[in-house]
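Here's the structure we're looking at; comments come further down.
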Amino acid sequence: MGSIIGISAAITALLVILSFAQGVQDFFGERILMLAPHLTLEAGVNEEITQDLKRTILEVPGVKAVSPYVQFPALIQKGLAAEPITVKGVSWDSELELIDSAEILEAGDWRQIKLGQGAVLGVELARSLGVNVGDRVVLVSPYLSRALLVDGLFYTGYYGIDGSLVMVGLEVGQELLGTTGVTGYGVRIDDYTRADVFIGPLQDATGLWVRPWYEREQGLFISMAVQRTVLVWILVFTLLVSALGIMNVYLFRAWAQQRSVGVLRALGASPRQIGALFLIQGLASGFLGGIVGVLSARLAVWGLSHVTIRLPQIFYLEKLPIAWAHKDVWWVMAAAVLTGAAAVLLPARRMTQVDPVEVVRRAG
């Protein structure tokens, strides 16, 4: 019973921590996708697309919406305040088919924004500049500068977007960039988790570079992946410590059961059968401990999902997110079973070396 409790406690801790990591990853993915298309098609650095490829892209199976855009680095000014930014010029009617328009708009009116003559800023950028809807800002591009009214403010919850992106109408963006073409197309598909599947077909259909949504934020996801890997190894070593504790329990049990083992040997049981008996106990303990741990972790994650865990404002999260790490359950269960098996290897080996004659002599 003690071995089952030890394994289940370690498995519960492992899955809860993994669920926190999964929650953070899902949170940032959802926030980024509030404004980012699932895939982008680009001609390349310093290149532009002059032909209309919208219909060609829509003919690819699984593509739901397409929107052309121009994107370039610029500077935004309000009085003496200035910030480096990324300007994205979009056709609002088609862009709103890609993004979650109902969620992102913090201030402003979509009817005014759709006219395409003003700018839409992230709330963090607006806070840095000290501007609000109706104020005038100046966008400075590599080719010219232009004063625009702030028509709206958006909020995604991801500082990298809220603090550096300005969206304008496509014609305004083309004027600032000094072009009549576009730099790319944003694409929405059925399932954003399958974005990689569409890279080949879209490249074949258009001849453009195709980038999935997560590639632009690769540094963020690499950082989260590294942190998750470190957490996993820390918790795996926790399982090893648990295995050592369980091994001590089995060693003591084996010492106490030497007489019983000697009797079994005297009755004809082979060393292999004795070892298999201990191994089965270890596997059963690992399996049951894993099951109990998974169920306990699922319950804990459900409870924690209904609790608001506040974080310091520096993390730019309303609360610590958590999501059930269902993809990790299989290997965590495998780790639990292996832990139980590893814990009985040494006791099983010792019991296979028990001499029944010596045990009977001592008993006598």
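Only the coordinates and a few stated rules stand behind these numbers; no lab work does. A quick note: this is a predicted structure, and the numbers were derived from the prediction, not measured. As a convention, Cβ positions derive from the backbone with ideal geometry for all residues, glycine included, and neighbour counts pool all protein chains shown.
Classify segment 34-116 from the C-alpha gyration tensor, please: rounded if a/c falls under 1.5, else prolate or oblate depending on whether a/b exceeds b/c.
Working: a/c = 2.34, a/b = 1.35, b/c = 1.73.
Oblate, since a/c reaches 1.5 and b/c is not below a/b.
Charges were assigned to the Cβ only: +1 to each Lys and Arg, -1 to each Asp and Glu. The resulting dipole of segment 44-207 about its Cα centre is roughly 360 debye.
Electrostatic tally near LEU15: other residues with Cβ closer than 15 Å to its Cβ, Lys and Arg +1, Asp and Glu -1, net +2.
What is the order of TYR214, TYR185, fewest Cβ neighbours within 10 Å to most? Please list the in-between numbers first.
Values: TYR214 18, TYR185 26.
The fewest-first ordering by Cβ neighbours comes to TYR214, TYR185.
Could you state the number of Å between the C-alpha centres of segment 113-191 and segment 192-208? Comparing the Cα centres of segment 192-208 and segment 113-191, I get a distance of 27 Å. A cut-off under 13 angstrom between Cβ atoms defines the neighbours of GLY79, and their net charge, with Lys, Arg +1 and Asp, Glu -1, is 0.
Averaged over residues, the count of other Cβ atoms within 10 Å places the peptides 295-308, 83-96 in the sequence 83-96, 295-308, highest first.
Out of every Cα-Cα pair in segment 44-207, what percent are more than 24 Å apart? Intermediate results must be reported in sequence, preceding the final value.
Details: 4838 of 13366 pairs.
Here the tail beyond 24 Å accounts for 36 percent of pairs.
Positive-end ranking of LEU105, SER91, GLY130 along the dipole of segment 44-207, with charges on Cβ about the Cα centre, is headed by GLY130. Straightening the chain between ASP26 and GLN227 buys 70.9 nm, computed as 0.36 nm per residue apart minus the Cα-Cα spacing.
Put in line by how crowded their Cβ is, counting other Cβ atoms within 10 Å and starting with the fewest, PHE72, PHE237 read PHE237, PHE72. Each of PHE27, PHE154, PHE198 has some number of other Cβ atoms within 10 Å of its Cβ, and from fewest to most they run PHE27, PHE198, PHE154.
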